[in-house]
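Shown next, in structure tokens, is the structure this report addresses.
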Amino acid sequence: MTKEQQGLENLSIWNDAASMLAKAKKDGVETVWDRLHEQRNECAFCAQGLSCSKCVMGPCRINMKGDKRQHGVCGADADLTVARNFGRFVAAGAASHSDHGRDVLDTFAAVAEGKTKDFQIRDEAKLRRIASELGLASDGQPIDAIARALADKFYQDYSSRSEELSFLSRVPEKRRTRWAELGVTPRGIDREVVEMMHRTHMGVDCDATNICLHAVRTALADGWGGSMIATELSDILFGTPRPTASKVNLGVLRKDMVNVLVHGHSPVVSETILAAAKDQDILAEAAKAGASGINIAGLCCTGNEVLMRQGIPLAGNHLMTELALITGAVELMVVDYQCIMPSLVRIAACYHTRFVSTQDKAKFPGATHVPFTPENARDKAREVLRMAIEAYTKRKPERVEIPGQPVDIMTGFSNEAVLEALGGTPQPLIDAIKVGSVRGVVGIVGCNNPKLTHDYCHTNLAKELIKRDILVVVTGCATVAMGKAGLLTPAGAEQAGQGLASVCKALGIPPVLHVGSCVDNARILHLCAILANALGVDMSDLPVAASAPEWYSEKAAAIGLYAVSCGIYTHLGLPPHITGSKTVTNLALNGLEDVIGASFAVEPDPFKAAELIDKRISTKRTALGLTP
Ligand code: BF8
């Protein structure tokens, strides 16, 4: 279907998006949907994972039809070609989360070593708790000594020196034994990624299944390593999230204020921008420029980070990032890395908007580069805000259109906050699961993809699940969809089944709990481990599932694979590029179930997906001796 046939209104389910798509047309601005339309005749080889450009004997395409050649120049068949491509795809995702985790670790280490005054340890109690959880002396020790020891331990997790990652101590024994038997216990975070690059070089690992098993190990190094370190250290540095109120959609932009959008993933830059935006001299400069203040709003995962911890409003998710600039109301977009469309620089240039990059590893031609380090962050944040204030004086009011009213949301459901709300123990949640008022828990995570109507699958899947008394936890870009649909407030429980609604009412919580950004999927892993340990079962025995209904990214593939590898049935709205291999596809959809206790399901229709997930939860409940 062409974009014209589809109609602008069918690209997204939201009015704020539709208004900005119409404005894009009027302003002559190209968006992601235009470019998708231009790319529509996609290569069938690439779509199935059957093309290879990893060496210069090729590039090769493995033709699966008729009696044509079935091998690449090196002799690789379809299974090997797909497995190599998929292995690198997962490694890139794991590397992205984990390198983000390393940046948080570098900042934490700089604080521990007294090299910066721009960051502090805000949650000392969590630092002490995690240090002692991981076997480090914490009682009576000075805080900086504990922090240095913890930083050393985590740096070791990135290396090749340990036999397994520190946080595997959280994993139920049965699951660890299964991983050990399969040879997929993650050792060092960097090690597994490097080994995947090595294995998939021509002439190394030529066994498709063996490569897939290493993809499992690489993904686990992300979930229990890089992502978990990113989450826990971000909490220690910036505060562990607690339930708090905020708002979502493009209506969070303000006509009377200097609007600054923080976009990317790491909280290090965005937290410093927030801190500097409270400096009195900066606020005085904004007032002098005629603004009534500085309004910071978030996009994508950086947005989730500052929403969870500081209640900063969320302007939009992945497919809203371009549309946010098209409002003509944004003075400055400041980015770190990941999921930042290169097109944003061109769109910013169509308005008065400044585009600022901050990381030497993520430069954007046409952007103003302001390199942030742990040592200079506060000064650089002030510099960036001054650019925004200057841009405000150049805003063209006739080009400004801020659509809609923001929607109320509730955020901040870290595991600490959830357990605290339950009285310090998971038992009330377990009891609710046992009696069936909460039949199960599903994590809806991940991105938007312009191939699917924006946020249609997210919202409908969540509504179908809560109707069936299944509690939903949400992270990443899916969060914005849930918020806009009114599911992130206690009033959202009116759309839930009777059992879940009664639990939400008793606790004053929404039926969909916001637990963070994409690296914060590590919180979900940890919660599953807590529940499994409390019940004395494996994680694969729990009535839980995961779903990435509108995913696009390598990172989402790594998340999906670590979820399945933990025994969590995982639904995807679109398949990865693996369908050219029967071996790899069968492994993903069926074979993994036997070896690891869960598998993937692919279903673009959210209503059918809800059926599949519901059936899975019923099966798991029955196996535990509970009503389905
Ligand atoms: O890590 S959900 S589009 S922003 S990849 Fe990207 Fe996907 Fe959004 Fe966050 Ni996650």
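Data for the structure
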read-out	value
Subset of segment 586-628 (residues that are touching a Cys at 6+ places or on another chain (Cβ under 6 Å) and more than 15 Å from residue 184 (Cβ to Cβ))	606
Criterion violated by residue 524 - all others in (1) away from the ligand (no atom under 14 Å from the Cβ); (2) at pLDDT 95 or above; (3) over 29 Å from residue 33 (Cβ atoms) satisfied	(1)
Selection count where residues are β-branched (Val, Ile, Thr) and more than 16 Å from the ligand (Cβ to nearest atom), scope segment 477-494	1
Residues (farther than 20 Å from residue 32 by Cβ, touching a residue at least 24 places away in the same chain (Cβ under 8 Å) and either within 13 Å of the ligand (Cβ to nearest atom) or in a loop (DSSP other than H, G, I, E, B) (or both)) located in segment 353-364	358, 361
Which listed residue is closer than 18 Å to residue 89 by Cβ, of a type outside the set (S, T, N, Q) and crowded, with 21+ Cβ neighbours inside 10 Å, from 214, 198	214
Segment 467-482 residues that are at positive phi and modelled with pLDDT of 95 or more, paired with ones that are within 9 Å of the ligand (Cβ to nearest atom) and part of a strand (DSSP E or B) (beta carbon under 9 Å, 6 or more apart)	476/548
Residue in segment 610-618 that is crowded, with 24+ Cβ neighbours inside 10 Å, touching a residue at least 40 places away in the same chain (Cβ under 8 Å) and not hydrophobic (A, V, I, L, M, F, W, C) present	no
In segment 510-538, the residues that are assigned to a loop (DSSP other than H, G, I, E, B) and either closer than 15 Å to residue 167 by Cα or touching a residue at least 60 places away in the same chain (Cβ under 8 Å) (or both)	510, 517, 518, 519, 520, 537, 538
Residue that is nearest to residue 256 (Cα to Cα), among those in segment 267-289 that are in contact (Cβ under 8 Å) with a residue 60 or more places away in the chain and in a loop (DSSP other than H, G, I, E, B)	289
Total residues in segment 169-189, condition touching a residue at least 40 places away in the same chain (Cβ under 8 Å), over 16 Å from residue 213 (Cβ atoms) and either surrounded by fewer than 20 Cβ atoms within 10 Å (Cβ to Cβ) or among the basic types (Lys, Arg) (or both)	2
Answer residue from segment 567-605, given it is of a type in the set (Asp, Glu) and in a helix (DSSP H, G or I) and is nearest to residue 220 (Cα to Cα) among those	593
Some residue of segment 460-470 being within 16 Å of the ligand (Cβ to nearest atom) and either over 18 Å from the mean Cα position of the chain (by Cα) or part of a helix (DSSP H, G or I) (or both)	yes
Failed item in (1) over 25 Å from residue 116 (Cβ atoms); (2) within 16 Å of the ligand (Cβ to nearest atom); (3) of a type outside the set (Gly, Ala, Ser); (4) crowded, with 21+ Cβ neighbours inside 10 Å, with residue 335 passing the rest	(1)
Lone qualifier among 82, 104 - being assigned to a helix (DSSP H, G or I) and within 16 Å of the ligand (Cβ to nearest atom)	104
Flag for residue 193 being among the β-branched types (Val, Ile, Thr), in a helix (DSSP H, G or I), within 21 Å of residue 84 (Cβ to Cβ) and modelled with pLDDT of 95 or more	yes
Checking residue 292 against (1) away from the ligand (no atom under 16 Å from the Cβ); (2) assigned to a helix (DSSP H, G or I); (3) farther than 16 Å from residue 381 by Cβ, the condition it does not meet	(2)
Among the residues listed as 594, 541, the single one being at pLDDT below 95, more than 15 Å from the ligand (Cβ to nearest atom) and surrounded by fewer than 24 Cβ atoms within 10 Å (Cβ to Cβ)	594
Residue in segment 556-566 that is touching a residue at least 60 places away in the same chain (Cβ under 8 Å), part of a loop (DSSP other than H, G, I, E, B), surrounded by fewer than 23 Cβ atoms within 10 Å (Cβ to Cβ) and of a type outside the set (Asp, Glu) present	no
Odd one out for residue 515, checked against (1) more than 16 Å from the ligand (Cβ to nearest atom); (2) surrounded by 24 or more Cβ atoms within 10 Å (Cβ to Cβ)	(1)
Flag for residue 228 being part of a helix (DSSP H, G or I) and of a type in the set (A, V, I, L, M, F, W, C)	yes
Only one of 311, 328 that is touching a helix residue (DSSP H, G or I) at 6+ places or on another chain (Cβ under 8 Å), on the phi > 0 side of the Ramachandran plot and modelled with pLDDT of 95 or more	328
Subset of segment 240-260 (residues that are surrounded by fewer than 19 Cβ atoms within 10 Å (Cβ to Cβ) and closer than 29 Å to residue 124 by Cα)	242, 244, 245
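Here is a yes/no grid of residues against (1) away from the ligand (no atom under 16 Å from the Cβ); (2) over 28 Å from residue 115 (Cα atoms); (3) in a helix (DSSP H, G or I):
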site	(1), (2), (3)
339	no, yes, no
346	yes, yes, yes
351	yes, yes, no
366	yes, yes, no
373	yes, no, no
387	yes, no, yes
394	yes, yes, no
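The values are calculated or read from the model by the stated rules, or taken from the named source; none is laboratory data. It should be emphasised that the depicted structure is a prediction, and the values quoted were computed from it without experimental measurement. Note that each Cβ is placed from the backbone with ideal geometry, even for glycine, and that neighbours are counted across all protein chains shown.
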